[in-house]
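Remarks on the structure that follows.
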Amino acid sequence: MTDAVIDVRGLTKVYRVHERQEGLGAAVRSIFNRKFREVPAVTDATFRIEAGEVVGFLGPNGAGKTTTLKMLSGLLYPTSGGARVVGHVPWRRDADFLRAITLLMGNRTQLVWDIAAADSLRVLQEIYRIPEDRYRATLGELTDLLELEPLLHKPVRDLSLGERMKVEFAAGLIHSPRVAFLDEPTLGLDVSMQSRIRRFVAEHNRRAGTTVILTSHYMDDVVALCKRVIVIHHGRLLYDGQLGELAQRMAPYKVITVALRDGAASAFLDELGTVTSRDEASVTLHVPRESAPERTARIVRDLEGSLADISVEDPPIEEVIDRVFAGERMPEALAAT
Amino acid sequence: MIQIYRALLIQAFQQMAQYRVAMFLYALFSFIRPIIFLAAWLAVAESQGGRLGALSSSDLAAYFVITIVVTHATQAWDFFEFEWEIRQGRLSPKLLRPLHPIHYSITGNILWKLQTSLAVVPVAILIAITFDARFTTTPSHLVLGAVSTALGAALAFTFGWVFASVAFWTTRVHAVVTLYQRAAFIFSGQIAPLALLPGPLLAVAYALPFAYMLGVPSDILRGGPDIATALLMIGGQVVWLAIAIGVYRIVWSAGLRQYTAVGA
């Protein structure tokens with residue numbers, strides 16, 4: 001086994017939160033007698049990520065994804081447990097560690113609002129001590145990949161959200177980090193810009209071999225970029241493995257959609273699987289994965305001329321993830337250790 | 001580090017150039033308060049035959065003219081910006097870079113003072129002429145005064161960061177800072193030259209750090225104390241600066257453990 005770039009063992013973070021009831025009386029009482037509650041954000045997380053991997057970190061809001069990324073990037077001290085990222089304990093924030101990572105957060109800017117991005121990039125060049133030739137080469141590459149040329153000399157405040165996100169990527173990657181933590185990098189972007197950012201991340205990973213941990217609520221991001229996913233819910237890791245395997249285990253069925261001509265009879269489809277929707281023109285049913293080929297063939301054969309179209313698909317990944325978050329039992333073989 | 005400071009200074013200049021009017025309006029604060037106190041004390045001195053203790057009206061004018069310049073050179077405002085940075089989540093990007101966030105603040109502080117001194121110094125000269133200020137400053141006082149002003153600025157800046165770091169525990173640092181500023185108001189020499197404070201208060205003032213931020217450099221630049229006393233005062237500044245840096249390091253390190261990266 002190669003050395004892990006990210007090695008996390010029993011990482012736990014508990015926040016202490018001030019709590020009070022509503023109303024004036026409770027407000028007065030809280031001045032003299034504060035009550036705190038401990039909220040576990042991440043509990044006993046353990047995983048390893050090898051160099052060059054792109055791993056999706058999935059979970060609903062408040063699951064502990066961002067807290068984990070903040071600990072791994074050195075912003076937060078954990079309550080207990082340990083982690084090493086590129087050989088460093090993140091929260092010691094050694095200069096060598098900080099030169100080797102980046103954390104990009106959608107809708108958060110690290111650029112100076114009032115000046116042109118090119119000027120901020122020059123400052124970053126000095127802070128990260130990037131030699132001039134390497135700076136020019138990296139900036140040239142990022143400019144090509146992100147089509148930055150028209151954006152670099154405008155004040156950041158004059159850029160659209162999508163344009164700003166592209167420039168944020170340039171600022172986050174100008175020092176060629178070995179590890180990139182991307183927290184909702186496509187948040188709020190239109191479909192076209194999301195797609196471009198995805199292509200950029202994939203291409204940058206291919207060219208530079210950067211290890212990437214990505215959180216996103218857009219499953220298209222995860223499907224496009226991540227073979228491996230880590231699922232976290234209520235601060236606990238539920239799953240760590242291949243995205244495809246998660247779908248197979250959590251949704252052991254295929255979705256067959258049958259389009260019918262002229263309101264043809266379709267009652268016999270109920271015998272072949274679980275019908276989830278039906279109207280005059282089409283029927284959708286779930287069938288067990290292993291019998292999907294045989295049942296598809298039977299539908300084609302039995303419907304003959306009444307069949308206008310037929311498709312066989314995996315269930316949408318959103319549905320699979322919903323099942324995990326809804327608390328359906330994770331197969332033991334898949335559950336994260 | 002020189003290259004980094006050069007780049008940060010350029011960046012700070014680019015930012016400030018966007019808000020020229022605001023920059024000079026903030027500079028007004030440096031001389032409005034000393035002028036008010038000067039007018040008040042001159043009125044008191046006039047009612048007592050033109051002197052106040054050991055100080056003549058011209059000495060008082062010289063002191064407050066000097067405090068205009070020294071107030072401008074030593075003021076620190078990071079507590080308010082730092083609280084805002086934490087609450088808005090803007091500290092996190094700085095913490096992710098291999099450069100301590102204090103360096104951004106140092107360059108911003110230096111540049112603002114250099115730029116706005118273009119407005120402050122002419123005003124101070126005008127007031128000195130108007131109020132017939134009398135300086136007894138020798139070249140030695142000038143050199144020691146410059147060193148003392150730099151130490152006062154470093155001291156005020158470092159204490160500013162100590163109190164700014166309180167924001168790691170409470171994101172509402174304003175109340176704590178107000179208390180700090182009230183104490184500075186009384187004991188730093190803003191209200192009156194330190195020599196006019198009653199005996200017990202004078203002893204308290206020299207035991208606290210505030211006088212070393214404003215009153216001490218102002219007195220030295222005015223040519224008030226002899227050279228031996230001036231050196232002793234500068235020694236006090238060095239001691240307080242060492243204490244401030246030590247406290248700051250402890251508070252910063254403990255604060256980072258508390259940091260919750262809210263809003264980011």
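The values are calculated or read from the model by the stated rules, or taken from the named source; none is laboratory data. It should be emphasised that the depicted structure is a prediction, and the values quoted were computed from it without experimental measurement. Cβ sites come from the backbone with ideal geometry, for glycine too, and all protein chains shown count toward neighbours. Protein only, heavy atoms only, side chains kept; ligands, DNA and RNA dropped before computing areas. Shrake-Rupley method; radii C 1.70, N 1.55, O 1.52, S 1.80 Å.
Put B:Ile245, A:Ile256 in order of accessible area, highest first, and with a 1.4 Å probe you get B:Ile245, A:Ile256.
Counting pairs of alpha carbon atoms under 8 Å apart in space and at least six apart in sequence, what relative contact order in percent does chain A give? So the answer I get is 18 percent.
Each residue of segment A:48-64 is assigned a 3J(HN,Hα), and the resulting list reads 10, 10, 8, 4, x, 6, 10, 10, x, 10, 10, x, x, 4, x, 6, x Hz, derived from the Karplus form 6.51 cos²θ - 1.76 cosθ + 1.60 (θ = phi - 60°), x at Gly and Pro. Relative to the longest principal axis of the Cα atoms of chain B, helix B:174-187 runs at roughly 20 degrees. Once a ≥ b ≥ c are taken as the square roots of the eigenvalues of the Cα gyration tensor of the protein assembly as shown, is the result rounded (a/c under 1.5), prolate (a/b larger than b/c) or oblate (a/b not larger than b/c)? It comes out prolate by the Cα gyration axes. Solvent-accessible surface of segment A:1-135, averaged per residue with a 1.4 angstrom probe and all protein chains in place: 47 square angstrom.
Amide H contacts of A:Leu58 (H built 1.01 Å from N, in plane; Pro and chain starts excluded): A:Ile230, A:Val231, A:Ile232 sit under 5 Å, all sequence-distant by 5 or more or on other chains. Relative contact order for segment B:186-264: 24 percent, from Cα pairs under 8 Å spaced at least 6 residues apart, divided by residue count. Checking the Cα-Cα distances for A:Lys70/B:Lys94; A:Lys227/A:Lys254; A:Lys70/A:Lys227 against a 25 Å cut-off, no pair goes over it. Say we join alpha carbon atoms closer than 10 Å with springs in a Gaussian network model of chain B; which of B:Leu144, B:Leu214, B:Leu196 then has the biggest fluctuation? Highest fluctuation among the options: B:Leu196. For A:Ala41, the amide hydrogen comes within under 5 Å of the amide hydrogens of A:Lys13, A:Val14, A:Tyr15, counting only partners 5 or more places away or on other chains and with H modelled in the peptide plane. Mean partner shielding of peptide A:114-123, defined as the number of other chain Cβ atoms within 10 Å of each residue Cβ, is 4.
Between the alpha-carbon centres of segment A:83-118 and segment B:231-264 there is a gap of 24 Å.
When both bridge partners sit in segment A:117-273, DSSP labels roughly 55% of those beta bridges antiparallel. 3J(HN,Hα) couplings calculated from phi for segment B:87-101 with the Karplus curve 6.51 cos²θ - 1.76 cosθ + 1.60 (θ = phi - 60°) are, in sequence order, 5, 8, x, 8, 6, 4, x, 5, 5, 7, 9, x, 8, 4, x Hz; Gly and Pro show x.
When every Cα-Cα distance of segment A:252-313 is counted in 10 angstrom steps from zero, the calculated P(r) takes the values 25, 63, 12, 0 percent. Note on A:Phe268: accessible area approximately 40 square angstrom, rounded to 10, probe 1.4 Å, nucleic acids and ligands left out. For chain B, relative contact order (Cα pairs under 8 Å, six or more residues apart, normalised by length) works out to 28 percent.
Taking each DSSP H run with n ≥ 4 as -39500 (n - 2.57) and averaging over every residue of the protein assembly as shown yields -16500 deg cm²/dmol at 222 nm. Compute the distance from the alpha-carbon center of segment B:145-163 to that of segment B:38-56, in whole Å. Between the Cα centre of segment B:145-163 and that of segment B:38-56, the gap is 30 Å.
Using a probe of 1.4 Å, the accessible surface attributed to A:Glu149 totals some 110 Å² when neighbouring protein chains are kept in position.
Summarising the label geometry, the points placed 7 Å from Cα in the beta-carbon direction at B:Ile35 and A:Asp220 lie 6.1 nm from one another. Residues in segment B:2-258 average 46 Å² of solvent-accessible surface per residue, probe 1.4 Å, ligands and nucleic acids excluded. The amide H of A:Tyr253, built 1.01 Å from its N in the peptide plane, has A:Arg289 as neighbours under 5 Å, considering only residues 5 or more places off or on other chains. Give the interface area between chains A and B as buried accessible surface, both sides summed, probe 1.4 Å, in Å² to the nearest 100. Roughly 2700 Å² of accessible surface disappears when A and B pair.
Centroid-to-centroid, using Cα positions, segment A:230-297 and segment A:124-165 are 45 Å apart. Pull out a ≥ b ≥ c, the square roots of the eigenvalues of the alpha-carbon gyration tensor of segment A:152-218, then state rounded if a/c is under 1.5, prolate if not and a/b is larger than b/c, and oblate in the remaining case. Taking the square roots of the gyration eigenvalues as a ≥ b ≥ c, segment A:152-218 is oblate. Note on the protein assembly as shown: antiparallel DSSP beta bridges, both residues inside, total approximately 70 percent of the bridges counted. Computed from backbone phi, the HN-Hα couplings of segment B:208-224 come to 9, x, 4, 4, 6, 8, 9, x, 5, x, 5, 4, 5, 5, 6, x, x Hz, rounded to whole numbers (Karplus: 6.51 cos²θ - 1.76 cosθ + 1.60, θ = phi - 60°; Gly and Pro given as x). Seen against the Cα atoms of chain A and their longest principal axis, helix A:292-303 is set at about 40 degrees.
Contact residues in segment B:96-116 by the 20 Å² criterion (accessible area, 1.4 Å probe, full protein complex versus chain alone): B:Leu96, B:Arg97, B:Pro98. Of the solvent-accessible surface of the protein assembly as shown, computed with a 1.4 Å probe and all protein chains present, 58% belongs to carbon and sulfur.
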